[in-house]
Amino acid sequence: MRFEILGSSSAGNSGLLISGESKVLVDVGFSGKRIREMLRVFDLGIESIDGIFLTHEHSDHSVGLKALGESGLDIFVNEATACVLQDKLGKRLPWKVFETGTAFSYRDLVVDAFSIPHDAQDPVGYVFKSEGGGGFASVGWVTDLGYVPQLVREKIRDVECLVLEANHDLELLENDTKRPWSIKQRILGRHGHLSNEAAFEVLRGMPDAAWKQIFLAHLSRDCNRVDVVQNLCHALQKQRPQLNLTVVNPHFDALQALVA
Ligand SMILES: [Zn+2]
Ligand SMILES: [Zn+2]
């Protein structure tokens, strides 16, 4: 499989997965117009996309549904997420509802959707597997979680390409003047977001994992910095010289990276 990040930060998230027989988006946290423009960077139109896999209802993962929800794509969600999204959208979309904690097949993909601890109705992480198509045999997407439970560690151990949240630097969050104390407590809580240190504790702690490529993603624009995460990458690189580590800049997306 080929995997591309269209964009990822606390402001918007979407990934593009291309296997031998499927083209799918993981989350659509940008406007429909912007997602269409981003796809054009990869010579794709929205009509060539087969499905969307949603992790949870927060708008930085789902806002694109407003415009893309009726383009005939298969939209995969669990029941609780579908309920809250259709309340928000004011209409029921033709959801493809899965049960969290079960693996299922879609075209040539095997999809595993598993629970992650976050303050949403029923948030999930994903592992996608596919033979053929070249590139990665498995891709994992794990953002928006307060900590990494053992189950999630087991799920991500065998993936070749992993998107992992590195949301905030603890000191930058502490010193941030935009967020009230209550929001900071929410971010830091067991159902909040993963700090840089927590993310790298996981990466350092699994020396036998199958990873070839890691994307550090969902960085906070205010409470994290690319160079801070890159410094942590340099240290990990010494332990895992074969591993490709990419920090996703929260101020850019596929469109801006193209013109930059
Ligand atoms: Zn969220
Ligand atoms: Zn998010």
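The values are calculated or read from the model by the stated rules, or taken from the named source; none is laboratory data. Note that this is a predicted model, so its numbers are computed, not measured. Positions of Cβ are generated from backbone atoms using ideal geometry, with glycine treated the same way; all protein chains shown enter the neighbour counts. SASA here: full protein model, heavy atoms, side chains in, ligands and nucleic acids out. Shrake-Rupley method; radii C 1.70, N 1.55, O 1.52, S 1.80 Å.
Please tell me if Ala198 is open to solvent by 30 Å² or more (accessible area, probe 1.4 Å), of a type in the set (Gly, Ala, Ser) and in a helix (DSSP H, G or I). When the stated conditions are applied, Ala198 passes them. When the stretch 54-74 is filtered for residues that are touching a Leu at 6+ places or on another chain (Cβ under 7 Å) and either within 16 Å of ligand 2 (Cβ to nearest atom) or under 24 Å from Gln256 (Cβ atoms) (or both), the ones remaining, listed by number, are Glu57, His61, Ser62, Leu65, Lys66. When we screen Thr81, Thr55 for residues that are closer than 19 Å to Ser9 by Cβ and either open to solvent by less than 10 Å² (accessible area, probe 1.4 Å) or among the basic types (Lys, Arg) (or both), the only hit is Thr55. Set side by side, the residues Leu216, Leu172, Leu194 differ, and just one is at negative phi, modelled with pLDDT of 95 or more and within 16 Å of ligand 1 (Cβ to nearest atom), which is Leu194. Does Val97 fit the bill of being surrounded by fewer than 17 Cβ atoms within 10 Å (Cβ to Cβ) and among the β-branched types (Val, Ile, Thr)? When the stated conditions are applied, Val97 passes them. Taking the criterion of being buried (at least 19 other Cβ atoms within 10 Å of the Cβ), of a type in the set (A, V, I, L, M, F, W, C) and more than 16 Å from ligand 2 (Cβ to nearest atom), would at least one residue in the stretch 125-135 satisfy it? Within the stretch 125-135 (the criterion being buried (at least 19 other Cβ atoms within 10 Å of the Cβ), of a type in the set (A, V, I, L, M, F, W, C) and more than 16 Å from ligand 2 (Cβ to nearest atom)), the answer is yes, since at least one residue qualifies.
For the stretch 125-140, what are the residues that are in a strand (DSSP E or B) and over 15 Å from Gly101 (Cα atoms)? Matches in the stretch 125-140: Lys129, Ser138, Val139.
Among residues of the stretch 186-213 that are aromatic (Phe, Trp, Tyr), those with a Cβ under 9 angstrom from a residue that is open to solvent by 10 Å² or more (accessible area, probe 1.4 Å) and assigned to a strand (DSSP E or B), sequence gap 6+ or separate chain, pair up as Trp211/Asn244. Is it true that Val77 is out of contact with any Gly (no Cβ under 8 Å at 6 or more places or on another chain), within 18 Å of Val142 (Cα to Cα) and among the β-branched types (Val, Ile, Thr)? When the stated conditions are applied, Val77 passes them. For the stretch 11-42, taking the residues that are under 20 Å from Phe252 (Cβ atoms), of a type in the set (Gly, Ala, Ser) and crowded, with 19+ Cβ neighbours inside 10 Å, the one that is nearest to ligand 1 (Cβ to nearest atom) is identified as Gly29. Of the residues making up the stretch 43-73, those that are more than 10 Å from ligand 1 (Cβ to nearest atom), more than 20 Å from Ser22 (Cα to Cα) and in a helix (DSSP H, G or I) are Lys66, Ala67.
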